[in-house]
Amino acid sequence: MKTQFQKHIEEHLPLLKNGKSLIAISGGIDSVVLTHLCHNLKLNVSLAHCNFNLRGEESNADEDFVVELGKQLDVEVFIQNFDTKAYSESHKTSIQMAARELRYHWFAELAQQLDYDFILTAHHADDNLETFIINFTRGTGLNGLTGIPEVNENIVRPLLQFSREDIETYAKSNNLKWREDSSNSSRKYLRNKLRHEIVPILKEINPQLLNSFKSTLENLNDTADIVEESLNAVAKRAIVSIDETGITYKISEFKKVNNPKAYLFEMFKDFGFMEWNDVVRLLDAETGKYVTSQTHKLIKHREYLILSELQVVSDNEIISINSNSKTVEASFGILRFDEADTLKDNSDAIIFVDADKLTYPLELRIWKTGDYFHPLGMNGKKKVSKFLKDEKLTPIEKQNTWVLVSNDDILWVVGKRADDRFKVTNYTKTILKIEWQ
């Protein structure tokens, strides 16, 4: 295996020969073998071990083992202790997911602080197969069936081409020592159930299972390349604009393809949407209909779909502004207040008002149903909702429209139109300039 590993590094991962790498080491057989292989090739590596404090003295013994291994090989060792149970409870996630988040966050932080180029993990071919089966049983798209990537940004998995049997043979033939994690034998975790019960049966049916699986992954990845090329072509035609409010797509481009649902799935799958039939129905829905995920919203607006991040703004969120305020920061930008010597024309971003007509404190808030104002240059009042509709704003723009209020009277629909009641006249003594940036 040593010769095969060296050949694989030289042919496929030569970047590791000149880089500085952190090995994520648990003390188990996989990461110990990876450590010895990298050390034998004289790669520039250090060890990073997480003590999740989940198995009492066993966890502490793992830590001691890794520290001793570092001394034997004369490589630097980094240790981090976590209160994994507390993190799991506070973030309302499983212990396994909590450990994963803590682990990768620390690895990334360590690599950035100490200028490590790569983080090496000991995932191997059997891990890849188990991940494939897990994704398959839970339901997934093509990307969920293309396997664990060997290189993903700065995370590299040099053992992905080798089986668990290869690793065990190498460890035993070289008299290596490692730690056994007692939780690996538990059947309560899905991955362990697959590892101990399902995969052995599959290997019994097909002794060359891993080789067959490797060929399948190569075919699926080739297919994924074709899908991505076609998807990029549709996206290039469909995307109208990308700005701070979101991404706008032409619906007509999705209707031109043979399978709109497939393209919608591939285009929007990374944004957390689950109800794909509802997403498809947006193509023919009336304006204003939308579908949400936990993080994003997809809205039908005339002949477009608009993808945006969910922005939760409380209707009760009010920013109070006193008479000596010069600068006020809000989520949508900055308001600046300053006296003006001369009057200029109002614009979307700058208005001029009669300072003596204002009652402090002013209030800055999201508009709400029932709000009305007297649009500058028009006779009479108008509901803000009707004004925003007439301005042909998208649902997202409407949702994020703020108003500046004086004594319950709207003096400015910010960034849109000032109120006629606060305009500067021949009787104005003090002109206040309000600018939105």
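When residue 205 is tested against (1) surrounded by 12 or more Cβ atoms within 10 Å (Cβ to Cβ); (2) more than 34 Å from the chain's Cα centre (by Cα), exactly one condition is not met: (1). Restricted to helices (runs of 4 or more DSSP H) entirely inside segment 1-96, those with at least 1 residues that are aromatic (Phe, Trp, Tyr) are 2-12, 57-73, 84-90. Filtering segment 397-428 down to residues that are within 39 Å of the chain's Cα centre (by Cα) and assigned to a loop (DSSP other than H, G, I, E, B), which residue is surrounded by the most Cβ atoms within 10 Å (Cβ to Cβ)? Among those that are within 39 Å of the chain's Cα centre (by Cα) and assigned to a loop (DSSP other than H, G, I, E, B), it is 414.
For segment 258-288, the tally of residues that are exposed (fewer than 15 other Cβ atoms within 10 Å of the Cβ) and closer than 20 Å to residue 229 by Cα stands at 4. Within this structure, residue 103 fails the test of being of a type in the set (D, E, K, R), crowded, with 17+ Cβ neighbours inside 10 Å and part of a loop (DSSP other than H, G, I, E, B).
Restricting to segment 308-335, give me the number of residues that are more than 30 Å from residue 295 (Cα to Cα), surrounded by 15 or more Cβ atoms within 10 Å (Cβ to Cβ) and either modelled with pLDDT under 90 or of a type in the set (Lys, Arg) (or both). Going through segment 308-335 one residue at a time, the tally reaches 1.
Listed by first and then second residue, the pairs linking a residue in segment 161-188 that is assigned by TED's automatic domain parsing to the domain that holds residue 39 to a residue that is exposed (fewer than 12 other Cβ atoms within 10 Å of the Cβ), with Cβ atoms under 6 Å apart and 6 or more places separating them unless they lie on different chains, form an empty list. Within 26 Å of residue 60 (Cα to Cα) and at pLDDT 90 or above, is that true of residue 164? Yes; evaluated as a whole, the condition is true for this residue.
Go through (1) crowded, with 16+ Cβ neighbours inside 10 Å; (2) under 34 Å from the mean Cα position of the chain (by Cα); (3) in contact (Cβ under 8 Å) with a residue 40 or more places away in the chain one by one and return the number of the condition residue 431 breaks. Going through (1) crowded, with 16+ Cβ neighbours inside 10 Å; (2) under 34 Å from the mean Cα position of the chain (by Cα); (3) in contact (Cβ under 8 Å) with a residue 40 or more places away in the chain one by one, residue 431 breaks only (2). Among the residues of segment 26-71, the ones that are at negative phi, in contact (Cβ under 8 Å) with a residue 40 or more places away in the chain and of a type in the set (Gly, Ala, Ser) come to 6 in all. Being buried (at least 18 other Cβ atoms within 10 Å of the Cβ), on the phi < 0 side of the Ramachandran plot and touching a His at 6+ places or on another chain (Cβ under 6 Å) is true of residue 394.
Taking the criterion of being touching a residue at least 40 places away in the same chain (Cβ under 8 Å) and either assigned to a strand (DSSP E or B) or among the small types (Gly, Ala, Ser) (or both), the residues of segment 228-263 that qualify are 240, 246, 247, 248, 249, 250, 252.
Of the listed requirements (1) buried (at least 18 other Cβ atoms within 10 Å of the Cβ); (2) within 41 Å of the chain's Cα centre (by Cα), residue 352 misses just one: (2). Among the residues of segment 149-158, those that are among the aliphatic types (A, V, I, L, M) and more than 18 Å from the chain's Cα centre (by Cα) comprise 151, 156. Confirm whether residue 47 is hydrophobic (A, V, I, L, M, F, W, C) and either out of contact with any Gly (no Cβ under 7 Å at 6 or more places or on another chain) or farther than 26 Å from residue 99 by Cα (or both). When the stated conditions are applied, residue 47 does not pass them. Taken over segment 71-98, the criterion of being surrounded by 13 or more Cβ atoms within 10 Å (Cβ to Cβ), in contact with a strand residue (DSSP E or B) (Cβ under 8 Å, 6 or more places away or on another chain) and over 26 Å from residue 190 (Cβ atoms) is satisfied by 75, 77, 78, 79, 80, 81.
The values are calculated or read from the model by the stated rules, or taken from the named source; none is laboratory data. Everything numeric in this text was worked out from a predicted model, so none of it was measured. Heads up, the Cβs are rebuilt from the backbone with ideal geometry, glycines too, and the neighbour counts pull from every protein chain shown.
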